[in-house]
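K.L.:
Input: one structure, supplied below.
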Amino acid sequence: MRRNKKERQNLLLETIAENPFITDEDLAEKFSVSVQTIRLDRLELSIPELRERIKHVAEKSLDEEVRSLPIDEIIGEIIDVDLDNSAISIFDVTSEHVFKRNKIARGHHLFAQANSLAVAVIDDELALTAKANITFTRQVKENERVIAKAKVTKLEQGKGRTRVEVNSYVGNELVFSGEFEMFRSNKR
């Protein structure tokens, strides 16, 4: 169903407020208009492009500092962290991350994103992976964006262990899942 410009722009504002990581292409498909129409709407409404929206969300939500490793050692870009609870990172698959002959992402990059996110969510100076159980559910290709979401599912500070579940998505499709048992020092 085609909407008039004002109605479409109001829905565009709502949609981006709900999901700042949505692409112009996904918005165009959702509203049955061209990508150029979405870009013009964004320009008119002073909505920044995706990369700027991501940076804004990251700056706004990273008021807690990751303690277990430096931000620049995390694979992917952390956009949200709530220590000992949850975290989100984004990883853009480029030509350097894929096999040359078939343009499929090398699995160790997806694992590294999930594993470093599992380390980053731990509220401790020391966090190491003790054990991991992982599943790749579909191939990830060059130019796809992987959004990893970590959730602490069990916190045993007395034993120095924390269980973290990480699910990675391309769009709404699950591409990787892992359960990480993390060792922590418990030093505060």
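The values are calculated or read from the model by the stated rules, or taken from the named source; none is laboratory data. Note that the structure is a prediction, hence the values are computed from the model and not measured. Cβ: placed from backbone, ideal geometry, glycine included. Neighbour counts: every protein chain shown.
K.L.:
Any residue in segment 95-119 that is on the phi > 0 side of the Ramachandran plot sitting within a Cβ distance under 9 Å of a residue that is among the charged types (D, E, K, R)? List the pairs, counting only those 6 or more apart or interchain.
P.N.:
Hits for this filter: Lys103/Lys141; Lys103/Glu142.
K.L.:
What number of residues within segment 134-169 satisfy the criterion of being in contact with a helix residue (DSSP H, G or I) (Cβ under 7 Å, 6 or more places away or on another chain) and assigned to a strand (DSSP E or B)?
P.N.:
From segment 134-169, those in contact with a helix residue (DSSP H, G or I) (Cβ under 7 Å, 6 or more places away or on another chain) are 134, 136, 140, 142, 146, 148, 150, 164, 166, 168; that's our starting set.
Right, trim to assigned to a strand (DSSP E or B) and you get 134, 136, 146, 148, 150, 164, 166, 168.
Qualifying residue count for the region: 8.
K.L.:
Would you mind telling me which numbered condition in (1) touching a strand residue (DSSP E or B) at 6+ places or on another chain (Cβ under 6 Å); (2) within 13 Å of Ala150 (Cα to Cα); (3) modelled with pLDDT of 95 or more Ser86 fails?
P.N.:
For Ser86, the failing item is (3).
K.L.:
Right, another one. Considering only segment 18-35, state which residues are hydrophobic (A, V, I, L, M, F, W, C) and over 14 Å from Leu50 (Cα atoms).
P.N.:
So the first thing to find is which residues in segment 18-35 are hydrophobic (A, V, I, L, M, F, W, C), and the list is 21-22, 27-28, 31, 33, 35.
Phe31, Val33 - these are the residues of segment 18-35 that are hydrophobic (A, V, I, L, M, F, W, C) and over 14 Å from Leu50 (Cα atoms).
K.L.:
Quick check on Ile54: is it of a type in the set (Val, Ile, Thr), under 16 Å from the mean Cα position of the chain (by Cα), at pLDDT below 75 and loosely packed, with under 14 Cβ neighbours inside 10 Å?
P.N.:
Details: of a type in the set (Val, Ile, Thr): yes; under 16 Å from the mean Cα position of the chain (by Cα): yes; at pLDDT below 75: yes; loosely packed, with under 14 Cβ neighbours inside 10 Å: no.
No.
K.L.:
Of all residues being surrounded by 15 or more Cβ atoms within 10 Å (Cβ to Cβ) and not in a loop (DSSP other than H, G, I, E, B) in segment 59-81, which is modelled with the lowest pLDDT? Just the residue, please.
P.N.:
Out of the qualifying residues, it is Ser61.
K.L.:
With (1) farther than 27 Å from Val164 by Cα; (2) surrounded by 16 or more Cβ atoms within 10 Å (Cβ to Cβ); (3) at pLDDT below 90 as the list, and Thr37 as the residue in question, which single condition is left unmet?
P.N.:
Condition (3) is where Thr37 drops out.
K.L.:
Let me ask you something else. Can you tell me which of (1) surrounded by 19 or more Cβ atoms within 10 Å (Cβ to Cβ); (2) not in a strand (DSSP E or B) is the one Glu125 doesn't meet?
P.N.:
With respect to (1) surrounded by 19 or more Cβ atoms within 10 Å (Cβ to Cβ); (2) not in a strand (DSSP E or B), Glu125 is out only on (1).
K.L.:
Something else about it: Within segment 125-135, is there a residue that is polar (S, T, N, Q) and under 17 Å from the mean Cα position of the chain (by Cα)?
P.N.:
In the first step, residues of segment 125-135 are kept if they are polar (S, T, N, Q); the result is 129, 133, 135.
When the remaining residues are screened for being under 17 Å from the mean Cα position of the chain (by Cα), the result is none.
No.
K.L.:
Continuing with the same structure: I'm trying to understand the selection: among the residues of segment 150-168, which are small (Gly, Ala, Ser) and over 13 Å from Ala120 (Cα atoms)?
P.N.:
Gly158, Gly160, Ser168
K.L.:
Also, quick follow-up: Can you tell me which residue in segment 85-120 is surrounded by the fewest Cβ atoms within 10 Å (Cβ to Cβ), limited to those that are among the aliphatic types (A, V, I, L, M), part of a strand (DSSP E or B) and within 15 Å of the chain's Cα centre (by Cα)? It would help to see each step written out before you state the result.
P.N.:
Taking segment 85-120 first, the residues among the aliphatic types (A, V, I, L, M) are 87-88, 90, 93, 98, 104-105, 110, 112, 114, 117-120.
In the following step, the residues that additionally are part of a strand (DSSP E or B) were identified as 87-88, 90, 98, 104-105.
Next cut, within 15 Å of the chain's Cα centre (by Cα) only: 87-88, 90.
On the way: Ala87: 30, Ile88: 22, Ile90: 18.
Among residues in segment 85-120 that are among the aliphatic types (A, V, I, L, M), part of a strand (DSSP E or B) and within 15 Å of the chain's Cα centre (by Cα), the one surrounded by the fewest Cβ atoms within 10 Å (Cβ to Cβ) is Ile90.
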